[in-house]
Amino acid sequence: MAQTTSQKGGQRRLPVPSWLRKTLTTFATVAITLLGLLFVTFMIGRVMPIDPVLAVIGERATQAQYDEAYLALGLDKPLLVQFGIYVTDVLHGDFGTSIRTGKQVSEDIARVFPATLELATLGTLIGVVLGVPLGVLAAVYRGSWIDQISRFVGLIGYSMPIFWLGMMGLLIFYGILGWVAGPGRLGVFYQGLVPDRTGLLLLDAMIAGDWTVFKDALSHIILPACLLGYYSLAYISRMTRSFMLEQLNAEYVTTARVKGLSEWDVVWKHAFRNISIQLITVIALAYANLLEGSVLTEIIFAWPGIGSYITTSLLSNDMNSVLGGTVVIGTVFVALNIFSDLLYRFFDPRAK
Amino acid sequence: MTQPTAKPQETLGWRAWLTADVPASRAQARAAAWFNGWLRFRSNTLAMVGLIILLFIILCAVFAPLLATHDPFVQNLGNRLQPPGADGHIFGTDSLGRDIYSRLLFGARISIYIVLLVALVAPLLGLIVGTIAGYAGGWVDVTLMRFTDIFLAFPRLILALAFVAALGAGIENAVLAISLTAWPPYARIARAETLTIRNSDFIHAVRLQGAGPVRIITRHIWPLCISSLVIRVTLDMAGIILTAAGLGFLGLGAQPPSPEWGAMIAEGRKYILDYWWVATIPGLAIFSISLAFNLLGDGLRDVLDPKEAGR
């Protein structure tokens with residue numbers, strides 16, 4: 001690869017420490033990836049059948065107003081210059097104005113993002129707490145009933161349409177059993193009772209010490225979070241099982257057993273420790289997937305997060321919001337990917 | 001499959017010919033390999049269940065006009081939201097009085113159509129990009145893989161949403177959007193395979209015989225990438241079905257009155273608490289087809305890639 005050869009060339013010329021070179025390469029990679037991401041959203045915005053000028057000034061504007069807006073938006077400039085302006089704007093946190101809400105897109109996103117974050121975090125937590133032990137047990141007792149259960153859980157998780165499962169959950173646990181609250185983030189009576197500090201309702205309620213609000217928020221979030229948690233559980237347990245099998249078949253595990261260590265020590269102190277870095281990268285990926293997977297879930301549960309924001313904007317042709325939301329989710333996605341990659345490279349000596 | 005000249009068929013039958021220890025011809029060796037694969041596949045009960053479900057759905061789609069009890073598009077408002085079993089409607093009727101069972105049958109055609117198209121377009125795109133990157137190496141590799149990473153970095157459903165928004169809603173655009181988001185993993189697999197093959201002796205031999213890069217890639221590298229791609233595609237088919245259904249659910253895939261399963265769920269959403277069957281039954285259909293693909297994919301992986309078996 002050109003990258004490695006140029007690195008070797010650099011090594012000969014000046015002695016850059018390897019960690020610095022790695023960090024620089026990573027930064028360059030991130031920068032290029034993000035630039036590419038912006039380019040794709042920029043192009044999507046340009047090939048849209050919607051006239052961006054009309055979207056801003058409305059259809060009744062005069063030709064003079066149209067021309068003025070046309071120039072103000074910089075649409076007369078070459079495409080590359082327009083892209084440069086777009087990138088500069090985005091770097092300053094300016095995604096333009098939302099046609100639907102009339103506010104800055106960045107303001108809107110800052111408002112809706114915590115809701116998604118709260119949902120995805122709780123979902124990942126559920127997935128990790130249940131998925132990792134399930135995967136480990138499935139690997140240790142390979143072929144037993146617990147392995148079959150983990151396989152079955154995974155299969156169902158990979159095969160169910162998430163929006164449909166959400167509706168079934170609402171039908172059963174809200175409609176028939178009445179165990180949880182319905183769609184939305186908080187009941188009508190509880191809205192605005194706790195001051196908005198973090199945007200995460202559960203945390204806000206805890207800080208304020210208002211446990212009735214906490215209970216209501218929990219009752220609203222638990223069903224969608226379990227749903228998302230189930231999907232990440234399917235993924236995490238499968239990966240954990242596969243990683244563990246690899247370790248359990250290694251010779252050092254046999255040695256540990258021959259030495260007379262207890263099965264608990266062999267599994268958790270030897271094998272599991274060796275998969276922990278791999279596992280963290282998988283969890284980071286699962287988390288990124290949930291941020292995205294929450295789009296359909298948010299719609300089913302009327303959850304006011306970034307997924308609902310993007311889709312409602314999409315249906316009302318509000319492209320600034322759609323692209324802004326896409327860039328934000330894409331950036332978080334890239335960040336989590338890079339994070340897991342770095343973790344792997346720096347902490348796992350086998351990756352070198 | 002061409003038959004060899006010396007046919008041991010009269011004495012031993014096909015089975016013996018297929019399981020012969022020493023194949024007499026290339027055709028026999030190839031047939032035997034396929035047969036062994038099939039035997040291994042057949043012994044995998046779950047994979048066979050998947051295959052049977054899938055065949056059943058395909059038959060339903062093919063013979064939809066014969067099996068349907070009603071016209072899937074004819075509305076009858078006097079007969080709306082009938083429960084399953086009422087009045088000759090096996091699965092009941094929807095909010096416009098259309099027969100859900102008949103709509104399901106015709107909807108199977110749409111799902112299979114979408115899956116087949118995506119399963120053709122996306123791997124081919126990935127195969128081309130990945131093998132070129134892997135074989136060429138150097139800056140071509142870096143550029144192409146950086147490009148692939150950019151697409152991988154995008155959340156798939158959201159990218160598909162943005163594409164459909166730009167292209168306009170509809171089945172073909174949904175297919176295009178899903179393909180554009182689905183190809184990067186195939187490119188990565190194809191590149192990885194190419195890198196392991198690139199420096200092997202047989203490639204050197206072919207190159208010394210004067211084969212050009214195009215011939216080496218298409219005739220010698222592609223065939224070796226196919227099996228891992230096929231496994232990946234079969235495993236991905238369930239995901240394709242689910243993404244397509246998700247787009248349909250959001251109103252961005254097949255347009256009404258088309259009986260697309262995701263769109264049918266979206267329609268039933270309003271009535272979920274009172275008339276559960278309108279949304280539940282199309283959901284079960286989506287579930288069974290993606291379950292079938294998942295089972296089949298697992299089974300195929302065990303057959304084609306024994307080292308990954310049981311993982």
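The values are calculated or read from the model by the stated rules, or taken from the named source; none is laboratory data. Treat the numbers as computed from the prediction; the structure is a model and nothing was measured. Note: ideal-geometry Cβ built from the backbone for every residue, glycine included; neighbour counts use all protein chains shown. These accessible areas exclude ligands, DNA and RNA; they are computed on the full protein's heavy atoms, side chains included. Shrake-Rupley method; radii C 1.70, N 1.55, O 1.52, S 1.80 Å.
Within the stretch A:92-106, can one find any residue that is part of a helix (DSSP H, G or I) and under 22 Å from residue A:303 (Cβ atoms)?
Looking for residues that are part of a helix (DSSP H, G or I) and under 22 Å from residue A:303 (Cβ atoms), one finds at least one in the stretch A:92-106, hence yes.
Each row is one residue, and each column tells you yes or no for (1) open to solvent by 40 Å² or more (accessible area, probe 1.4 Å); (2) at negative phi; (3) in contact (Cβ under 8 Å) with a residue 40 or more places away in the chain.
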{"position": "B:37", "(1), (2), (3)": "no, yes, yes"}
{"position": "B:40", "(1), (2), (3)": "yes, yes, yes"}
{"position": "B:61", "(1), (2), (3)": "no, yes, yes"}
{"position": "B:66", "(1), (2), (3)": "yes, yes, no"}
{"position": "B:74", "(1), (2), (3)": "yes, yes, no"}
{"position": "B:90", "(1), (2), (3)": "yes, yes, no"}
{"position": "B:100", "(1), (2), (3)": "no, yes, yes"}
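Tell me, yes or no, whether the stretch B:157-166 has at least one residue that is under 25 Å from the mean Cα position of the chain (by Cα), modelled with pLDDT of 85 or more and open to solvent by less than 20 Å² (accessible area, probe 1.4 Å).
no
Give me the pairs, please: first residue somewhere in the stretch A:193-212 and assigned to a helix (DSSP H, G or I), second residue anywhere and open to solvent by 90 Å² or more (accessible area, probe 1.4 Å) and charged (D, E, K, R), beta-carbon distance under 9 Å, and either six or more positions apart or on two chains.
The qualifying pairs are A:203/A:197; A:204/A:196; A:204/A:197; A:205/A:215; A:207/A:197; A:208/A:197.
Tally up the residues in the stretch A:111-152 that are over 30 Å from residue A:204 (Cβ atoms), surrounded by 16 or more Cβ atoms within 10 Å (Cβ to Cβ) and in contact with a Gly (Cβ under 9 Å, 6 or more places away or on another chain), please.
1
For the structure I just gave you, tell me whether residue B:205 is modelled with pLDDT of 90 or more and either open to solvent by less than 10 Å² (accessible area, probe 1.4 Å) or in contact with a strand residue (DSSP E or B) (Cβ under 8 Å, 6 or more places away or on another chain) (or both).
No, not satisfied.
The conditions are (1) closer than 30 Å to residue B:280 by Cβ; (2) touching a residue at least 60 places away in the same chain (Cβ under 8 Å); (3) buried (at least 16 other Cβ atoms within 10 Å of the Cβ), and residue A:218 fails exactly one of them. Which is it?
Failed condition: (2).
What is the one condition in (1) farther than 20 Å from residue B:177 by Cβ; (2) open to solvent by 30 Å² or more (accessible area, probe 1.4 Å); (3) in a helix (DSSP H, G or I) that residue B:257 does not satisfy?
(3)
Please state which one of A:331, A:326, A:312 is more than 8 Å from chain B (Cβ to nearest Cβ), among the polar types (S, T, N, Q) and closer than 30 Å to residue A:277 by Cα.
After ruling out the rest, the residue left standing is A:331.
Residues in the stretch A:175-204 that are surrounded by fewer than 19 Cβ atoms within 10 Å (Cβ to Cβ) and either away from chain B (no Cβ under 14 Å) or under 28 Å from residue B:288 (Cβ atoms) (or both): how many? Give the derivation first.
At the first step, the residues of the stretch A:175-204 found to be surrounded by fewer than 19 Cβ atoms within 10 Å (Cβ to Cβ) are A:175-180, A:182-184, A:187-189, A:191-193, A:195-199, A:202-203.
Filter once more, so that each one left must be either away from chain B (no Cβ under 14 Å) or under 28 Å from residue B:288 (Cβ atoms) (or both): A:175-177, A:179-180, A:183-184, A:187-189, A:191-193, A:195-199, A:202-203.
Counting residues in the stretch A:175-204 that are surrounded by fewer than 19 Cβ atoms within 10 Å (Cβ to Cβ) and either away from chain B (no Cβ under 14 Å) or under 28 Å from residue B:288 (Cβ atoms) (or both) gives 20.
Considering every residue within the stretch A:301-318, establish whether at least one is closer than 30 Å to residue A:345 by Cα and modelled with pLDDT under 85.
Within the stretch A:301-318 (the criterion being closer than 30 Å to residue A:345 by Cα and modelled with pLDDT under 85), the answer is no, since none of the residues qualifies.
Kindly evaluate residue B:65 against the criterion of being touching a helix residue (DSSP H, G or I) at 6+ places or on another chain (Cβ under 9 Å) and modelled with pLDDT under 80.
It is false that residue B:65 is touching a helix residue (DSSP H, G or I) at 6+ places or on another chain (Cβ under 9 Å) and modelled with pLDDT under 80.
Any residue at all in the stretch B:143-155 that is in contact with a Ser or Thr (Cβ under 6 Å, 6 or more places away or on another chain), of a type in the set (A, V, I, L, M, F, W, C) and within 14 Å of chain A (Cβ to nearest Cβ)?
Checking the stretch B:143-155: at least one residue is in contact with a Ser or Thr (Cβ under 6 Å, 6 or more places away or on another chain), of a type in the set (A, V, I, L, M, F, W, C) and within 14 Å of chain A (Cβ to nearest Cβ).
Kindly establish whether residue B:120 is within 19 Å of residue B:236 (Cβ to Cβ), open to solvent by 50 Å² or more (accessible area, probe 1.4 Å) and not polar (S, T, N, Q).
Taking the combined requirement at face value, the residue satisfies it.
If residue B:78 passes every condition in (1) touching a helix residue (DSSP H, G or I) at 6+ places or on another chain (Cβ under 9 Å); (2) more than 30 Å from residue B:218 (Cβ to Cβ); (3) assigned to a helix (DSSP H, G or I) but one, which one does it miss?
(1)
Search the stretch A:18-45 for residues that are within 14 Å of residue A:338 (Cβ to Cβ) and more than 8 Å from chain B (Cβ to nearest Cβ) and pair each with any residue that is surrounded by 12 or more Cβ atoms within 10 Å (Cβ to Cβ) and of a type outside the set (S, T, N, Q) when their beta-carbon atoms are under 6 Å apart and the residues are at least 6 apart or on different chains.
A:30/A:338
Looking at B:137, B:107, which one is within 14 Å of chain A (Cβ to nearest Cβ), more than 20 Å from residue B:180 (Cα to Cα) and at pLDDT below 85?
The conditions single out B:137.
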